[in-house]
Amino acid sequence: MAVRSTNDRTTRKCLLRIRSGTAGRAVTGPSSGPGTLLMISNKSLICLAYYALMRACPEWKSAMNMDLRKMKSSPISDERPSRACGYFRVSTGRQAESDLSIPDQRKQILAFCAGKGWNLVAEYVEPGATATDDARPEFQKMIERATDDDRPFDVILVHSFSRFFRDAFGLEMYIRKLAKAGVRLVSITQELGDDPAQVMMRQVIALFDEYQSRENAKHVLRAMKENARQGFYNGSPVPLGYTTVEVEMRGNRAKKKLVEDPVEAETVRLIFRLYRAGDGTSGPLGIKQVTCWLNERGYRTRKGARFGVATVHGILTNTVYIGEWIFNKRDSKALAQKPASEQIVVEVPAIIPRDEFDAVQARMKVNAPMTTPPRVVTGPILLTGLATCATCSGAMTLRTGTSKSGQVHRYYACSVHGRMGKTACKGRSIRMDRLDTLVTDNLVDHLFEPARLTVMLAGLAAGRAERALEVDTRITTLQTEATQAEDRLKRLYKMVEDGVTNLDDLLKERIADLKLQRDRANAALERIKAQAAPATTLEPEAIERFGRLMRENVTAGDIPFRKAYIQSVVDRVEVDDDIVRIIGDKATLEQAIAGNAARNLGVRSFERKWRARHDSNV
């Protein structure tokens with residue numbers, strides 16, 4: 001850019017106006033005539049910045065002029081390296097597929113080497129990788145090779161500094177790292193030396209490259225958000241159970257949406273079923289057990305790899321399977337979750353019902369090591385987490401003792417007494433095998449008998465019917481209130497339309513009051529309908545089948561599976577001096593019979609107990 005000569009006073013009056021996001025920049029001033037605009041590029045702004053520095057500091061101006069003369073006469077040091085390495089990069093895979101930019105970069109670098117008499121001994125091509133960080137395989141290979149002890153080349157050639165890095169700090173860090181190994185970085189279109197002025201110029205160029213990259217990223221993200229709002233897929237890895245289909249064309253771009261893949265969707269349903277209920281021969285499986293079960297039977301991921309624990313956990317917690325695909329959930333670099341206001345929820349076909357998904361999340365929360373110790377979930381002790389002391393409600397934990405004959409005996413003992421002594425609890429203990437046998441035998445003989453189950457569930461059904469009648473009465477009342485308010489509003493509107501009355505302030509207040517009444521009644525109706533539980537009808541065959549399954553599985557098999565079955569219907573086992581109470585919840589028992597035992601795996605102490613007379617079931 002040519003700078004017109006003028007006096008100091010005129011120069012000080014020059015106005016530089018920079019509009020962010022425009023194609024060029026405008027400079028106006030007296031020397032260019034009133035209202036005249038000179039359109040200049042981003043790189044010309046660098047020249048303007050240096051011109052301003054030279055005007056402010058004469059000494060720096062003299063040094064800068066000398067450096068510029070050196071740069072024009074000899075951009076590269078007199079020590080001309082004979083071995084050069086070329087680095088070629090484009091930002092996206094689409095650019096790499098077009099096969100235009102990288103061949104052009106190679107052609108220009110080869111011409112540059114020919115003009116300098118250098119030998120291009122190595123090439124590193126990065127097709128479709130961003131330069132905002134150093135997570136680039138070819139880039140890392142090049143840096144590692146450049147810093148080897150055998151000094152394979154003396155200079156790294158790039159078309160421009162933006163091909164090497166679009167982060168000012170990262171660029172300078174790697175330039176210093178290469179300099180320690182005696183390797184220079186040279187841009188064939190931005191030839192700069194190593195003196196302070198030219199280093200400063202390089203750093204300003206790097207800042208502009210970084211700014212341009214961030215601006216582009218901002219606009220790309222804005223477009224992708226709008227694309228997601230319209231229900232289209234943005235191109236991230238497709239979750240297991242889904243595939244993409246083209247639904248329309250906009251210009252030369254195909255718009256895609258997620259649809260269910262019938263084969264993979266069955267695998268997803270199987271994973272949820274195994275975690276909730278098991279495979280029919282055992283209780284609910286843990287995440288690692290589900291992973292092993294799938295791999296042992298030949299199930300594989302879309303890429304043909306074996307399932308891993310993290311993969312299964314990701315499937316069980318992904319809301320896409322209930323029809324909610326979330327775009328812009330995490331920051332791509334820091335991986336930190338973004339605020340909910342920035343996330344876009346896209347509706348997709350659901351594979352898993354919401355109630356089943358919620359039940360899985362509840363079980364995962366209960367089984368999480370931060371919530372429940374692993375020994376309670378998969379430990380070898382049957383009543384861990386269930387057995388409690390009747391005096392202090394503390395957990396009954398394992399204690400061992402050795403007899404004179406050397407035999408080791410195992411006991412359930414009050415943990416509060418063990419930690420704090422008799423001042424906290426008088427303490428009690430019971431042989432482990434005795435308590436396990438008492439609980440399992442009495443569950444089999446009393447609770448899991450079809451006749452006992454039928455009587456208990458009949459009382460639960462009667463209570464539910466009574467509550468349902470109350471809810472129906474409330475629904476009828478609310479519907480009447482909403483209808484009456486709507487009718488009154490219609491009559492008032494009719495009077496205003498017919499000219500019977502005027503829409504004065506008093507009438508406006510009355511209309512607002514009626515609207516409020518109608519909206520309140522409708523809102524209450526929606527809440528009641530959403531909270532109303534569907535009626536559960538249990539056939540005698542289902543009750544008999546459940547009783548038989550429980551009788552078979554609580555007395556035999558591996559401890560973790562037996563524990564899972566017991567925990568599905570029992571809240572706690574209270575151990576007193578002369579009695580043992582098995583306490584549970586009728587609603588949970590009903591859900592277990594209906595096949596929904598995992599729905600309420602959390603703390604259920606606020607629910608009504610199925611121990612109707614507060615007596616023992618043993």
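Taking the condition charged (D, E, K, R) and part of a loop (DSSP other than H, G, I, E, B), does residue 166 pass? Full working, then the answer.
Working: charged (D, E, K, R): yes; part of a loop (DSSP other than H, G, I, E, B): yes.
Considered against the rule, which asks whether it is charged (D, E, K, R) and part of a loop (DSSP other than H, G, I, E, B), residue 166 comes out as yes.
Could you list, in sequence order, all residues of the stretch 265-282 that are buried (at least 18 other Cβ atoms within 10 Å of the Cβ) and not in a helix (DSSP H, G or I)?
Matches in the stretch 265-282: 278, 282.
Being of a type outside the set (S, T, N, Q) and either in a helix (DSSP H, G or I) or closer than 27 Å to residue 231 by Cβ (or both) is the filter here; which residues of the stretch 362-371 pass it?
Quick first cut of the stretch 362-371, residues of a type outside the set (S, T, N, Q) only: 362-366, 368-370.
Matches in the stretch 362-371: 362, 363, 364, 365, 366.
What about residue 359, is it closer than 30 Å to residue 574 by Cβ, of a type in the set (Gly, Ala, Ser), at pLDDT below 90 and outside any strand (DSSP E or B)? Spell out how you get there, then give the answer.
Values: closer than 30 Å to residue 574 by Cβ: yes; of a type in the set (Gly, Ala, Ser): yes; at pLDDT below 90: yes; outside any strand (DSSP E or B): yes.
It is true that residue 359 is closer than 30 Å to residue 574 by Cβ, of a type in the set (Gly, Ala, Ser), at pLDDT below 90 and outside any strand (DSSP E or B).
Among the listed residues 319, 311, which satisfies the condition of being open to solvent by less than 50 Å² (accessible area, probe 1.4 Å), of a type in the set (Ser, Thr, Tyr) and closer than 22 Å to residue 258 by Cβ? So that I can check it myself, show each step before the final result.
Details: 311 fails: open to solvent by less than 50 Å² (accessible area, probe 1.4 Å).
So the residue among 319, 311 that is open to solvent by less than 50 Å² (accessible area, probe 1.4 Å), of a type in the set (Ser, Thr, Tyr) and closer than 22 Å to residue 258 by Cβ is 319.
Would you pick out the residues in the stretch 338-356 that are in a helix (DSSP H, G or I) and charged (D, E, K, R)?
342, 354, 355, 356
Which ones in the stretch 205-264 are within 30 Å of residue 303 (Cα to Cα), among the polar types (S, T, N, Q) and open to solvent by less than 50 Å² (accessible area, probe 1.4 Å)?
227, 234, 244
Residues of the stretch 283-337 being touching a Gly at 6+ places or on another chain (Cβ under 7 Å) and part of a loop (DSSP other than H, G, I, E, B), which ones?
Result: 284, 285.
Anything in the stretch 162-200 that is exposed (fewer than 15 other Cβ atoms within 10 Å of the Cβ) and under 20 Å from residue 216 (Cβ atoms)? List them, or say none.
If the condition is that a residue be exposed (fewer than 15 other Cβ atoms within 10 Å of the Cβ) and under 20 Å from residue 216 (Cβ atoms), then 169, 189 are the ones that fit.
Just give me the residues in the stretch 489-509 being open to solvent by 90 Å² or more (accessible area, probe 1.4 Å) and under 50 Å from the mean Cα position of the chain (by Cα), in sequence order.
490, 508, 509
Quickly run through the stretch 441-456 and pick out the residues that are under 14 Å from residue 584 (Cβ atoms) and open to solvent by less than 30 Å² (accessible area, probe 1.4 Å). Break it down stepwise before answering.
Within the stretch 441-456, the first condition is being under 14 Å from residue 584 (Cβ atoms), and the residues that meet it are 442-443, 446-448, 452-453, 456.
442, 443, 447, 448, 453, 456, listed by residue number.
Would you tally the residues in the stretch 430-440 being open to solvent by 70 Å² or more (accessible area, probe 1.4 Å) and outside any helix (DSSP H, G or I)?
The total comes to 1.
Please work out which one of (1) part of a loop (DSSP other than H, G, I, E, B); (2) closer than 17 Å to residue 327 by Cβ; (3) not charged (D, E, K, R) is the condition residue 192 fails and give its number.
Result: residue 192 fails condition (2) only.
Could you list, in sequence order, all residues of the stretch 128-161 that are open to solvent by less than 10 Å² (accessible area, probe 1.4 Å), of a type outside the set (Phe, Trp, Tyr) and within 19 Å of residue 198 (Cβ to Cβ)?
Scanning the stretch 128-161 gives 155, 156, 157, 158.
Pick from 521, 530, 512: which is surrounded by fewer than 11 Cβ atoms within 10 Å (Cβ to Cβ) and modelled with pLDDT of 80 or more? Quick ask: steps written out before the conclusion?
Working: 521 fails: surrounded by fewer than 11 Cβ atoms within 10 Å (Cβ to Cβ); 530 fails: modelled with pLDDT of 80 or more.
None of the others qualify; the one that does is 512.
Quick check on this structure: which one of 421, 427, 401 is buried (at least 18 other Cβ atoms within 10 Å of the Cβ) and more than 45 Å from the chain's Cα centre (by Cα)?
Working: 421 fails: buried (at least 18 other Cβ atoms within 10 Å of the Cβ); 401 fails: buried (at least 18 other Cβ atoms within 10 Å of the Cβ).
Matching residue, one of 421, 427, 401: 427.
Looking at 348, 268, 259 in this structure, which one is under 24 Å from the mean Cα position of the chain (by Cα) and under 30 Å from residue 568 (Cα atoms)?
Working: 348 fails: under 30 Å from residue 568 (Cα atoms); 259 fails: under 30 Å from residue 568 (Cα atoms).
Only one candidate passes the filter, namely 268.
Determine the pairs where a residue that is at pLDDT 85 or above, located within the stretch 210-237, has a partner that is among the hydroxyl-bearing types (Ser, Thr, Tyr) and surrounded by 12 or more Cβ atoms within 10 Å (Cβ to Cβ) with Cβ atoms under 6 Å apart, the partner being 6 or more residues away or on another chain.
If the second residue must be among the hydroxyl-bearing types (Ser, Thr, Tyr) and surrounded by 12 or more Cβ atoms within 10 Å (Cβ to Cβ), the pairs left are 233/244.
When you go through 590, 552 one by one, which is the residue that is more than 20 Å from residue 287 (Cβ to Cβ), at pLDDT below 70 and acidic (Asp, Glu)? Give the derivation first.
Numbers: 552 fails: at pLDDT below 70.
After ruling out the rest, the residue left standing is 590.
The values are calculated or read from the model by the stated rules, or taken from the named source; none is laboratory data. None of these values were measured; they are calculated from a predicted model. So basically every Cβ, Gly included, is an ideal-geometry build from the backbone, and we count neighbours across all protein chains shown. Calculation scope for accessible area: heavy atoms of the full protein, side chains included, ligands and nucleic acids excluded. Shrake-Rupley method; radii C 1.70, N 1.55, O 1.52, S 1.80 Å.
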